[in-house]
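Throughout, read-outs are computed from the coordinates displayed, never taken from laboratory work. Bear in mind the structure is a predicted one, so any value in this text is a computation, not a measurement. Using ideal geometry, Cβ is built from the backbone for each residue, glycine included, and neighbour counts are taken over all protein chains shown.
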Amino acid sequence: SYTVAANEGPERAGNITISVAGGNSIVVKVSQTAKPAEGTITDVVTVALFNLGSGYSDFSGVSVTSDAVYAGNAMKNGANIQMRCSDSDEDPSGIITTESGGKVKTISVKWASTTAEGRTLNIYGSNTPYASAGDLYSDSVTPIATIVKGEGKPVSVEIDADYSYIGFRSNSRTMYLEQIEIVWDTVE
């Protein structure tokens with residue numbers, strides 16, 4: 001008997017000889033490839049994950065596939081996430097991570113058709129957890145990337161630096177998003 005746990009451990013190969021009645025034997029070749037050195041997990045963030053009503057409200061403790069935990073302030077607009085740019089008399093709107101899913105590698109956005117051309121999603125990165133969407137409005141933070149809605153404009157960006165926490169907010173005015181896809185590199 002030769003037992004190998006599900007793709008754990010180093011690459012290896014060998015033969016198993018099985019003796020059967022009558023003096024015959026069968027040789028079975030077995031092998032195991034090494035477990036991949038790199039792994040990624042993708043979170044697809046949609047409005048269905050948040051307990052949002054028809055007005056802007058806070059949410060927290062939202063998990064998808066990775067170990068990341070999402071929180072923030074947004075509004076449900078049909079099947080879309082609605083975010084605005086904060087001003088002095090409104091609660092800061094945006095989505096943050098309070099727990100990490102690994103290192104952020106790629107961000108992709110699926111814009112709702114109702115979002116005006118030129119609207120910009122600011123993407124922020126940090127190596128300390130965000131406390132609230134208000135953290136994205138500090139004068140000391142700068143976006144690490146942006147995605148602009150427009151014909152022919154890219155809808156995804158690769159993040160070259162190592163960030164364990166991510167945040168999103170509108171650069172200005174209201175936007176509607178069908179989904180935000182975050183690819184986390186889970187290798188430590």
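Quick notes on this structure:
- In order along the range 119-134, phi translates into HN-Hα couplings of 5, 10, 8, 7, 10, 10, x, 8, 10, 10, x, 7, 8, 7, 4, x Hz, rounded to whole numbers, per the Karplus curve 6.51 cos²θ - 1.76 cosθ + 1.60 with θ = phi - 60° and x for Gly and Pro.
- Proximity of backbone amide H atoms, modeled 1.01 Å from N, is registered between I159 and T106, I107 at under 5 Å, excluding neighbours fewer than 5 places apart on the same chain.
- Rounded, prolate or oblate (a/c below 1.5 giving rounded, otherwise prolate when a/b exceeds b/c) for the range 126-188 by Cα gyration tensor: oblate
- Qualifying GluC sites (Glu not before Pro) in the range 48-135, where qualification requires a DSSP coil assignment and no more than 10 other C-beta atoms within 10 Å, comprise E117.
- Global geometry of the range 53-151, whether rounded, prolate or oblate, following the gyration tensor of its Cα atoms and the 1.5 cut on a/c: rounded
- Residues whose amide H falls under 5 Å from that of A68, counting only those 5 or more places apart or on a different chain, are G101, with hydrogens built in the peptide plane.
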